[in-house]
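Read-outs throughout are calculated quantities, based only on the coordinates presented, and are distinct from any laboratory measurement. Nothing here was measured: the structure is a model prediction, and the numbers come from that model. Positions of Cβ are generated from backbone atoms using ideal geometry, with glycine treated the same way; all protein chains shown enter the neighbour counts.
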Amino acid sequence: MLRTFCVAFAAALVGMAPCANAQGVHYQLASCPAGCAPSSGVDWQGYLPPGSAAAPCSPAYDAGADCAPDCDYGQVNYQACPSPAYDCAPLCTVPRTVFWNASAGALFLTRERQDSYTFSYDSANEANQLVDAADADMSFSPGVEATIGRYDFCSNVGWQLSYWQLLPDSQSTQYLGSALGAGSLDGIRNYDQLDYSGGGAGDGPTAADNVNNAAIHRLTRDWEVYSVEANRVIMFRNNCNCSPWQYQSLCGFRFFKFQESLGFVSDPNDTMITGDPDEYRIDVRTDNNLYGFQLGGITERCVSQRLSLRFLAKAGLFNNHAELDYFEGGSAGAATINNGPNAGQMMRVHTSTDDLSFLGEFGVGVAYRIGCAWRLGADYRVLGVTGLALPTDQIYFDTRGINDVRQIDNNAGLLLHGAFVRLERCF
């Protein structure tokens, strides 16, 4: 039964069109009619072993003169039977119409490089800006993927559940004050408007004493990405017109999560980041949770008996529930604004908002059959998201602007792209 090449999780069962006999029992054609082979030379019989239609009829049955009048073959292709003496419907096995498909694999994604966002400069040359968030950007990161689906090739309808995630990763960049010549390593923002004192050597009343003329500035970014989909699948096939093209439409629910954290730390006395009270920190975490519905499709074109090209597209509008956690200060507590309308307020914020986002995913790839129930697949995909809150967009150069921090800036975008590889099995 596994010889039923239901490899076709996407291209699936090329040439099998649903049909029924007079009693309403659903069958499927075993192959394209003789003489209907496409010019591409695809061996459709290789894709659809005869056993995938009606089971072989009993050769012991005497197909006498009265067999044809008594049996209504409907559209069932009994040419799959090994003997000219065909048995009639009561002794033939009704073929399977429902199949399951499962796959597991790995993915390797990277993110388009973000614009420069610097935190430090050389006091002897202010144009020499240092510690750029773009230098701690995502490289190709590994992840895992799994999919399971159930398909009824009589009704051409099925469902599919898929999950993938990037394994959590981080990148860092730093600069040492000792690497500068005549100048010192200073913070770009006006930290003297914030009160913070860790009580260390030379630690004055404002945060500027902890950030300017520093021994080290270090910036670290980390991220997590998850995607879950539940789709209803409708298959469009060519009813044995021998076209090498097969189509699936997708409609369903998707959850997409992108969480990113940014941590900037300055130590005025040494280059070891240990959490001492004299170390000043900016910690920003944004968590984007997209919920919504999407439409899409998967197209496959058979180019040989084993090899198929694969194209996919999905898109939808989503509600993005964005959360922000923001902190400035150190182990001695949060920094405090020391002037202006927000004087006395601590630099600590937790807030959230809901807004509209768009997510689109596009891909191209190949699938190669390695057995009657197995195949290998590989895609290169691009995923774009709009309406996201990212950490660098929540940091304001006017350090007194705590009211701005409380209003989440979620006008950023994200572009991920990379390879997906998988092993599929039909059962």
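Taking amide H positions as modeled 1.01 Å from N, with prolines and chain starts lacking one, the residues under 5 Å from V303 and 5 or more places away or on another chain are S308, L309. Its Cα centre serving as origin, the range 98-426 has a Cβ charge dipole (Lys and Arg +1, Asp and Glu -1) of approximately 2620 debye.
Quick one: net charge of L107's neighbours, Cβ under 10 Å, K/R +1, D/E -1? Charge balance in the 10 Å sphere: 0. Dividing the mean sequence gap of close Cα pairs (under 8 Å, 6+ apart) by how many residues the range 98-426 holds gives a relative contact order of 17 percent.
Against the empirical curve 2.2 N^0.38 Å, the C-alpha radius of gyration of the range 204-285 lands at a ratio of 2.26. Projected onto its three principal axes, the C-alpha set of the range 98-426 covers 82, 39, 30 Å, listed from the longest axis down.
The peptide list 178-184, 209-215, put in order of mean Cβ contacts within 10 Å with the highest first, becomes 209-215, 178-184.
Here the label points at N319 and A179, each 7 Å from Cα along the C-beta direction, are separated by 4.6 nm in the simple model. Taking the centroid of alpha carbons for each part, the range 370-420 and the range 138-204 are 11 Å apart. Protection proxy ranking for 397-409, 356-368, using the average of other Cβ atoms within 10 Å per residue and placing the highest first: 356-368, 397-409.
A simple spin-label model places the labels of S352 and L167 3.0 nm from each other, with each point 7 Å out along Cα-to-Cβ.
In this simple spin-label approximation, A215 and V364 carry label points 7 Å from Cα along the Cα→Cβ vector, and these lie 5.4 nm apart. If r is the Cβ-Cβ distance from R301 to K257 and R0 is 22 Å, what FRET efficiency results, to the nearest 0.05? About 0.10, to the nearest 0.05. Positive-end ranking of G292, A127, N342 along the dipole of the range 98-426, with charges on Cβ about the Cα centre, is headed by G292.
With a cut-off of 13 Å on the backbone N, the residues of the range 189-228 near the modelled label site 7 Å out from S331 along Cα-Cβ are 198-200.
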